[in-house]
Amino acid sequence: YLPADTGARITGVKWTGERQADISVQSPALASVQKVRVLVPPAWKTGATRSWSTLYAYHGGNDTYISWTRSTDIESLAAKYDVLVAMPEGANGSYTDWYNNGAGGTPKWETFHTVEVRQLLERNFGAGELRAAMGISSGGQGAVTYAARHPGMFRYSASFSGVLSMLTPGMPTILLYLNSGNGTDPSKIWGDPVRHRANWKAHDPATLVQNLRGTRVHVS
């Protein structure tokens, strides 16, 4: 398998159904091995010279890469269309490269999703450049944030119950509280909402809304 620009590489592929595969990725952005569940279209085959429109589906907090196939009918729905579906692990990473008190470094979930997973699938599984992103809860926030932070990467973006205005009064407190439940310092994610407000704004869909011009957006 061809690696990503970061050096991320596929270390294993386990087919768990006729069209469903779980891909193991050694990720420098996360300094760990993470999973990506993929649904390939009916016409897909190894070594095909064509590519497929690709939907990236992100899960919510306290869930995993299996959530969309476990809890929805995404598999049967996707089978009706000539589309590839990628469902990467997001853990409780809040769909961002963590601020870490300004030092950066791991975990880099945004890099994992928008660079490593994307490039590995495009170079090895026929994922195409016509892309859509969707997610639920924090994954919905991630789907719209990624579309806004990377203009042109996604033609469509959909959020189901995602927080799309992170700086609404009271919302930073709620986000910090919710992210304190996983045993980490929540201020490491985006920084302090007052002292590091610029970084919060740089990841806030409402602040970045102008960057979504040309992207079809669905909010539910």
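The values are calculated or read from the model by the stated rules, or taken from the named source; none is laboratory data. In this text the structure is predicted, and so the values were computed from the model without any measurement. Heads up, the Cβs are rebuilt from the backbone with ideal geometry, glycines too, and the neighbour counts pull from every protein chain shown. Accessible surface is based on the protein model in full, side chains and every heavy atom, while ligands, DNA and RNA are left aside. Shrake-Rupley method; radii C 1.70, N 1.55, O 1.52, S 1.80 Å.
Within the stretch 206-220, the set of residues being in a loop (DSSP other than H, G, I, E, B) and among the hydrophobic types (A, V, I, L, M, F, W, C) comprises 206, 208. Is the stretch 171-191 home to any residue that is farther than 21 Å from residue 91 by Cβ and assigned to a loop (DSSP other than H, G, I, E, B)? No, the conditions are met nowhere in the stretch 171-191.
Condition check ((1) closer than 17 Å to residue 182 by Cβ; (2) within 10 Å of the chain's Cα centre (by Cα)) across all residues:
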position: 61; (1), (2): yes, no
position: 127; (1), (2): no, no
position: 134; (1), (2): no, yes
position: 139; (1), (2): yes, yes
position: 152; (1), (2): no, no
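Scanning the stretch 51-67 for residues that are at pLDDT 95 or above and either open to solvent by 30 Å² or more (accessible area, probe 1.4 Å) or part of a strand (DSSP E or B) (or both) returns 51, 52, 53, 54, 55, 56, 57, 58, 63, 64, 65, 66. Being under 29 Å from residue 85 (Cβ atoms) and among the basic types (Lys, Arg), is that true of even one residue in the stretch 194-206? There is no residue in the stretch 194-206 that is under 29 Å from residue 85 (Cβ atoms) and among the basic types (Lys, Arg). Considering the stretch 76-96, the residues that are surrounded by fewer than 21 Cβ atoms within 10 Å (Cβ to Cβ), within 18 Å of the chain's Cα centre (by Cα) and of a type outside the set (S, T, N, Q) include one that is farthest from residue 142 (Cα to Cα), namely 83.
May I ask you to list the residues in the stretch 2-50 that are assigned to a loop (DSSP other than H, G, I, E, B), among the acidic types (Asp, Glu) and modelled with pLDDT of 95 or more? First the steps, then the outcome.
Let us first name the residues in the stretch 2-50 that are assigned to a loop (DSSP other than H, G, I, E, B), namely 2-8, 16-19, 28-31, 40-50.
Remaining after also requiring among the acidic types (Asp, Glu): 5, 18.
Answer for the stretch 2-50, where residues must be assigned to a loop (DSSP other than H, G, I, E, B), among the acidic types (Asp, Glu) and modelled with pLDDT of 95 or more: just 5.
Is there a residue being at positive phi, open to solvent by less than 70 Å² (accessible area, probe 1.4 Å) and not in a helix (DSSP H, G or I) anywhere in the stretch 155-166? Give the derivation first.
Just the residues of the stretch 155-166 that are at positive phi, to begin with: 161.
Cutting the leftovers down to open to solvent by less than 70 Å² (accessible area, probe 1.4 Å) gives us none.
Within the stretch 155-166, none of the residues are at positive phi, open to solvent by less than 70 Å² (accessible area, probe 1.4 Å) and not in a helix (DSSP H, G or I).
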